[in-house]
Amino acid sequence: MGEDESSTLFELLPIGAYRSSVDGRPLRANGALVRLNGYASEAEMLAAVNDIGNEWYVDAQRRVEFLRLMQRDGQVVDFVSEVYRHRTRERVWVRENAHVVHAADGSVRCYEGTVEDITRQRRAELALLASERRFRAFTERSQLLTVVCDAQGTVLYASPAAQRLIGHAPKELLHSRVFDWLHPGDLENALREMQGVLEFSSDDHETVWRVRHAEGEWRHLAVLANNCLADPAVQGVVLNIRDISGRTRAEEALRALNAELEQRVQQRTLELEHARDEAESANRAKSEFLSRMSHELRTPMHAILGFGQLLDTDPALPLPPTSRAHLREILRAGGKLLALINELLDLARIEAGQLPLKLEPVALQPLLHECLRASEPLARQQRVQLPQASHVDACVLADRERLEQVLLNLLSNAIKHNRRGGHVEVQAEIDGRGVRICVSDSGPGLDAQQQERLLHAFERLSPAYGVAEDAAIGLALSKRLVELMGGRIGLSSELGRGSCFWVQLERADTERAAPAEGHTVLYIEDNAVNVLLMQAMLEQQTSLRLISADLPETGLRLAREQRPALILLDIQLPGIDGYEVLRSLRDDARTRDMPVIAVSANALRGDIERGRAAGFVDYLTKPIDQRLLLATLQRVLG
């Protein structure tokens, strides 16, 4: 090849080419090398560069190594160094290939070589090395076991956590297959999971493998697999593994505990059902006993009092004064015994849940007047002054008969346990939504211990309180009756200054006895006569607008369309019963908050309890008492 052809090839090379003296002075540089060093022409570059060793290499030792290889081998191959672009001093990476050029006499004439810019490639390699170092630093310090395997599951790398998790040093795992570690029962799922990872079709979720530890036990390991075969820094499938054996044992223990608990609950349920059956049987026996006891006690008392009264009033059989006094003492004691029998039976009925109460608005003024008038004979006998019935413009929600029983008991105690010539005060005060009735006496009073014991059944009054003629059954009965009517009873007393017994009940004022006006009430009832009766009751006392539906489906539609303020709902309806209608109302956002009152002929105690438990705001039984109906509407509608 001629010199001209050689020169042309030198210039056209796509990579840098040069010729330099042995001491590092450039003699020739092609265009690619000139551009690599930031110059515009070969002449400019040759004029600027004096010593390649000192001016070009970032690390001067690389030039030393270059010269050593040239002297030893006469050439360098793929010599990679970091150098400066001579003009801009920017760092780049280059790969050199050079050889010695000899003169005719065999001496070293110069060096010739090529220079290739590999900056991008080298930086990628360095980044890859840094990534590998970070990866190893992370995995070797992590508590997780990191395993890199190929597509067949052959282990290429295992982190030091292998020793702790499965009892093997990382080197022992190299070239083994991860599937060889698994419990036979997990192998099929593990192979399927790996295939999904290779195909990128599995979700990023952990799977649990049972892996045999070096000591022989099976460990539960949670495995998260990532396909990094295409990542040059990894070139494998990465398995991140953590030990969940403790959690698994806890879950198994919890499942066993739940199974045991479920068994115990079933056993306890059977015991409770048996106890319930026994309690119901005992309750029935108690009811039969109460009925029989009432009959057995009242029958002889009927004879004693009846014949005693005949003797006392028979004009054909006049008695001597002494005998008549004795007879009247028998009648008085018999009357007292009958009252005690009634109280004892009432207490027993309350304990058995069999004492019926009919709550309705009760006007206090006439009731107090009747109670005071009934107490006058006892007051005259004890020489105690009773007050006149004060004007009380209030109603309470109570059972009138039982409230009268309570007030008579309080008045009786206030009279009997008063001092001779003492007095009794009766006051009624409106207290917010309640009314408090106070019965005060001027007797000797009670200390704190006596007050605490007084409202318990069968606690006798202290002799210091006055005449101790009876047990405090009446007060205990009064307490239970008041509580059943939704009220409270209590007392305040001071030794030497008398006592005050008070009863507080819910207020049902006469001036507020009518329900709020202008509301719409929906009555779902299939009996036309019952609808007419309800219409008449409401029209007589209120301005409520009543709409009705004889079918459950019609009622549900009217509830959604008319949006009534209140729904009265019969239980026995055609098609679906009232409980199903109530569930439908509660499931619909448009009717969910509407108050619903049950109106039913199912009047047993269990029926009422079931209705209230189902979510009815109240449960009215047929035949409907108009006063109770109005009081209930007033309470619900405000």
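The values are calculated or read from the model by the stated rules, or taken from the named source; none is laboratory data. All figures in this text were calculated on a predicted structure; none of them were measured in a lab. FYI the Cβ positions are ideal-geometry reconstructions off the backbone, even for glycines, and counts take in every protein chain you see. Surface areas here come from the heavy atoms of the whole protein model, side chains and all, with no ligands, DNA or RNA. Shrake-Rupley method; radii C 1.70, N 1.55, O 1.52, S 1.80 Å.
The table that follows gives values for the structure above.
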item	result
Neighbourhood net charge (15 Å Cβ-Cβ; Lys/Arg +1, Asp/Glu -1) for ALA130	+2
Carbon + sulfur, % of accessible area of the range 545-638 - ligands and nucleic acids excluded, 1.4 Å	46
Radius 13 Å from Cβ of VAL529, net charge of other residues (Lys, Arg +1; Asp, Glu -1)	-3
Heavy atoms of SER375: accessible area, 1.4 Å probe, square angstrom to 10	10
Largest-first principal axis extents, alpha carbons of the range 72-199, Å	80, 36, 31
Separation of alpha-carbon centers, the range 531-594 and the range 599-638, rounded to whole Å	14
Cα centroid separation, the range 36-87 to the range 208-259 (Å)	55
Accessible-area order (highest first, 1.4 angstrom probe) of the listed residues LYS171, LYS479, LYS358, LYS416	LYS171, LYS358, LYS479, LYS416
Difference of contour (0.36 nm per residue) and Cα-Cα distance, GLU262 to ILE430	55.1 nm
Accessible area in square angstrom per residue, the range 538-638, 1.4 angstrom probe	50
Accessible area per residue, Å², the range 153-284 with all protein chains present, probe 1.4 Å	63
Nearest-20 debye value, the range 543-638 charge dipole, Cβ charges on Lys, Arg, Asp, Glu	300
For GLN235, net neighbour charge (Lys/Arg +1, Asp/Glu -1) across residues whose Cβ lies under 11 Å away	-3
THR154-ASP23 FRET efficiency (beta carbon distance; Förster radius 51 Å; 0.05 resolution)	0.40
In the range 123-199, GluC sites (Glu not before Pro) in a DSSP loop with at most 14 other beta-carbon atoms within 10 Å	GLU199
FRET E, pair ARG545, SER584, Förster distance 25 Å, beta-carbon r, rounded to 0.05	0.60
